[in-house]
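Comments concern the structure below.
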């Protein structure tokens, strides 16, 4: 195939940040500062790192970001009390809970307690329902980031066969719905899928969201396909995607890198969701 087009998330994120900056400046001119609350329960290292990155991004854009951190031993009622407080706080326009939460907490109960319009990652059952009916503006941040990358690079999905590897509520399932909305023919694969390699090799577009480093190999990819790597895994102290990039890159038309791909855009999508929620309140 020759050199693949590298679908850099940094360029996409920079373009979206310019749009968001203009909107934030317009709000600031009216004396309005948007507020984002990150709900962090326990000591999950990845959640702490992500919270720090998101706080830095928000601060740089002029958004008030607060981290509400509770100890791992916090009870469900402790967490729900914070959620209720954030729901009622007019200075907070978006809430982002970090997962995983400690195993003794019922994450579904926490999510259901959030005000739906403050749910920036479309976790609340009402927002999940909106996504299934085609209201993609309410979709989770990572699937929206994938679509933003495809749009930025002019990759038309109409009539193309897209395979999503992974069926999580925050990536795999909503990703399939957004691809359907773009007129792709979608197959969702998962841990129980039979003959996974054969199915993935039929795809014009592959979205890997399985959470296993270097899971997707060159043998699984049709020459000339587009490969989107959603995975963020740690291998020997370095970040690795779900796709074996070095092996897959020579055979594809286009591919996202890790890092510097989908994750970079996902962060910006959180801020986009926050502003959407603010508009919803006005």
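The values are calculated or read from the model by the stated rules, or taken from the named source; none is laboratory data. The model shown is predicted, which means the values in this text are computed figures rather than measured ones. Cβ sites come from the backbone with ideal geometry, for glycine too, and all protein chains shown count toward neighbours.
Key figures for this structure:
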read-out	value
Selection status of residue 120, within 16 Å of residue 274 (Cα to Cα), buried (at least 19 other Cβ atoms within 10 Å of the Cβ), touching a strand residue (DSSP E or B) at 6+ places or on another chain (Cβ under 6 Å) and outside the structural domain of residue 94 (by TED's automatic domain parsing)	yes
Single match in 96, 177, 123 (criterion: farther than 21 Å from residue 258 by Cβ, in contact with a helix residue (DSSP H, G or I) (Cβ under 9 Å, 6 or more places away or on another chain) and assigned to a helix (DSSP H, G or I))	177
Complete set of residues in segment 63-105 that are touching a residue at least 40 places away in the same chain (Cβ under 8 Å), closer than 19 Å to residue 275 by Cα and touching a strand residue (DSSP E or B) at 6+ places or on another chain (Cβ under 7 Å)	63, 86, 91, 92, 93, 94, 95, 96, 97
Exclusive hit being in the same structural domain as residue 213 (by TED's automatic domain parsing), on the phi < 0 side of the Ramachandran plot and not in a loop (DSSP other than H, G, I, E, B), set 156, 151	151
From the options 164, 128, residue that is in a strand (DSSP E or B) and crowded, with 18+ Cβ neighbours inside 10 Å	164
Failed criterion for residue 224 (all others in (1) free of Cβ contacts under 8 Å to residues at least 40 places away in the same chain; (2) farther than 26 Å from residue 63 by Cβ; (3) assigned to a loop (DSSP other than H, G, I, E, B) hold)	(1)
Candidates 275, 199, 178 - the one that is at pLDDT 95 or above and more than 14 Å from the chain's Cα centre (by Cα)	199
Out of 58, 46, sole residue that is within 20 Å of the chain's Cα centre (by Cα), at pLDDT below 95 and surrounded by 12 or more Cβ atoms within 10 Å (Cβ to Cβ)	46
Residue in segment 194-201 that is in contact (Cβ under 8 Å) with a residue 24 or more places away in the chain, in the same structural domain as residue 164 (by TED's automatic domain parsing) and assigned to a loop (DSSP other than H, G, I, E, B) present	no
Total residues in segment 233-243, condition surrounded by 20 or more Cβ atoms within 10 Å (Cβ to Cβ) and either out of contact with any strand residue (DSSP E or B) (no Cβ under 6 Å at 6 or more places or on another chain) or closer than 18 Å to residue 267 by Cβ (or both)	1
Output for segment 53-76, where each listed residue is under 20 Å from residue 118 (Cβ atoms) and assigned to a helix (DSSP H, G or I)	54, 55, 57, 58, 59, 76
Count of segment 26-43 residues which are in a helix (DSSP H, G or I) and either loosely packed, with under 12 Cβ neighbours inside 10 Å or at positive phi (or both)	2
Some residue of segment 246-264 being surrounded by 23 or more Cβ atoms within 10 Å (Cβ to Cβ) and in a strand (DSSP E or B)	yes
